[in-house]
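In what follows, a structure is listed as structure tokens, so that the remarks can point back to it.
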Amino acid sequence: MSDRGDFSIKFWGVRGSIACPGPETVRYGGNTTCLEIRCGGYPLVIDGGTGLRLLGSQLAKERPGRIDLFFTHTHFDHVVGVPFFQPAYLKDMTVHFWAGHLPEGQTLKHVLHDMMMAPLFPVPLHYFEDCEYHDFRPGQEIILGPGIRITSAPLNHPNGACGYRIEYGGKSICVVTDTEHVPNTPDENVLNLIRGADLMVYDSMFTDEEFPRFTGWGHSTWQEALRLADAADVKRAVVFHHDPNHDDAFMDQIARKASQRRPGTVIAQELMVLRP
């Protein structure tokens, strides 16, 4: 693997809470959170929402040998695609699952096991072939092969969550979802994680106008994404984790306002590919 390889992020699921397929969400997409980050030829996945199924089908054809899947947290909309992740059932591929948000005494393997047991799901976790499970603490540095550096930070979300910064080839991509900001008080954990990043993908579930009705739900706004991007000298911000009630027309409005507020801001859409 070379540090000079391609570095990109592809969006396989951009929604929060629940999948919302249909004609009113077809342009921005209806699958829940799943991101594919390519470091050269190395596939790194963030979150296992419903978008993970289609990504898994692609990776099963590609046969990369090893895949690392990092969870921001294990709420249902971020793990529901895991039982349908085809590479986990293949003998010639190794899947490493990672989580840094769970409290002492809980493990990622146990959480996924419980999700895939009767009467919730008919195929138990032991049908996965060559999978490994890693629990870590936010702030820990993880090195994946030559030139891939991952750092993390705790996020403000019920039951905990973990944001990630992936650095490769002199560039950086940050994924910050799910998190709730405190009005007029920038989150220092987030600021330190994203400072100077080339690309920041941020939880923009609500608008500032909607936000007061959802205090305590664990989500932020597209306006806060831009405030943080300005404060941390982020080059490009990506609005992400869209509310399932925000249809394409509503997202178009956000796109216009965000572009006016901070030119170059991107509204995440399914199958979109960005490079830092």
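The values are calculated or read from the model by the stated rules, or taken from the named source; none is laboratory data. The model shown is predicted, which means the values in this text are computed figures rather than measured ones. Methodologically, a virtual Cβ is constructed for each residue, glycine included, from the backbone with ideal geometry; neighbour enumeration extends over all protein chains shown.
Residue check: is I37 among the β-branched types (V, I, T), touching a residue at least 60 places away in the same chain (Cβ under 8 Å) and part of a strand (DSSP E or B)?
Spelling it out, I37 is indeed among the β-branched types (V, I, T), touching a residue at least 60 places away in the same chain (Cβ under 8 Å) and part of a strand (DSSP E or B).
Mind checking whether some residue in the stretch 16-27 is at pLDDT 95 or above, under 18 Å from the mean Cα position of the chain (by Cα) and outside any loop (DSSP other than H, G, I, E, B)? Steps first, please.
Step one: list which residues in the stretch 16-27 are at pLDDT 95 or above, which gives 16-27.
From the residues that got through so far, the ones that are under 18 Å from the mean Cα position of the chain (by Cα) too are 16-20.
Going one step further and asking which of them are outside any loop (DSSP other than H, G, I, E, B), we end up with none.
Taking every residue of the stretch 16-27 in turn, none turns out to be at pLDDT 95 or above, under 18 Å from the mean Cα position of the chain (by Cα) and outside any loop (DSSP other than H, G, I, E, B).
Can you report the number of residues in the stretch 171-222 which are surrounded by fewer than 21 Cβ atoms within 10 Å (Cβ to Cβ) and in a helix (DSSP H, G or I)?
8
Return yes or no: is V234 part of a loop (DSSP other than H, G, I, E, B), β-branched (V, I, T), surrounded by 15 or more Cβ atoms within 10 Å (Cβ to Cβ) and in contact (Cβ under 8 Å) with a residue 12 or more places away in the chain?
yes
When you look at R227, is it surrounded by fewer than 14 Cβ atoms within 10 Å (Cβ to Cβ) and either within 24 Å of V182 (Cα to Cα) or not β-branched (V, I, T) (or both), yes or no?
no
Filter the stretch 50-65 for residues that are out of contact with any Phe, Trp or Tyr (no Cβ under 8 Å at 6 or more places or on another chain) and not hydroxyl-bearing (S, T, Y); which is modelled with the lowest pLDDT?
Applying the filter and picking the extreme gives G65.
Hey, which of the helices (runs of 4 or more DSSP H) in the stretch 52-170, taking only ones fully inside, have at least 3 residues that are in contact (Cβ under 8 Å) with a residue 12 or more places away in the chain and not hydrophobic (A, V, I, L, M, F, W, C)?
Fully inside the stretch 52-170 and qualifying: 52-62.
Quick check on my filter: what residues within the stretch 116-142 are surrounded by 14 or more Cβ atoms within 10 Å (Cβ to Cβ), of a type outside the set (D, E) and under 29 Å from D187 (Cβ atoms)?
Y133, H134, F136, P138, G139, I142
So which of V95, V79 is touching a helix residue (DSSP H, G or I) at 6+ places or on another chain (Cβ under 7 Å), buried (at least 24 other Cβ atoms within 10 Å of the Cβ), under 22 Å from H126 (Cα atoms) and of a type in the set (A, V, I, L, M)?
V79
Considering only residues of the stretch 143-170 that are of a type in the set (D, E, K, R) and over 14 Å from the mean Cα position of the chain (by Cα), which is surrounded by the fewest Cβ atoms within 10 Å (Cβ to Cβ)?
Among them, the one singled out is R149.
Is it the case, given these coordinates, that G49 is part of a loop (DSSP other than H, G, I, E, B), under 25 Å from S152 (Cα atoms) and not β-branched (V, I, T)? Step through it out loud before you land on a result.
On the way: part of a loop (DSSP other than H, G, I, E, B): yes; under 25 Å from S152 (Cα atoms): yes; not β-branched (V, I, T): yes.
Here the answer is yes, as G49 does meet what is asked.
Looking at (1) part of a loop (DSSP other than H, G, I, E, B); (2) farther than 19 Å from W98 by Cβ, find the lone condition where F11 falls short.
The single condition F11 does not satisfy is (1).
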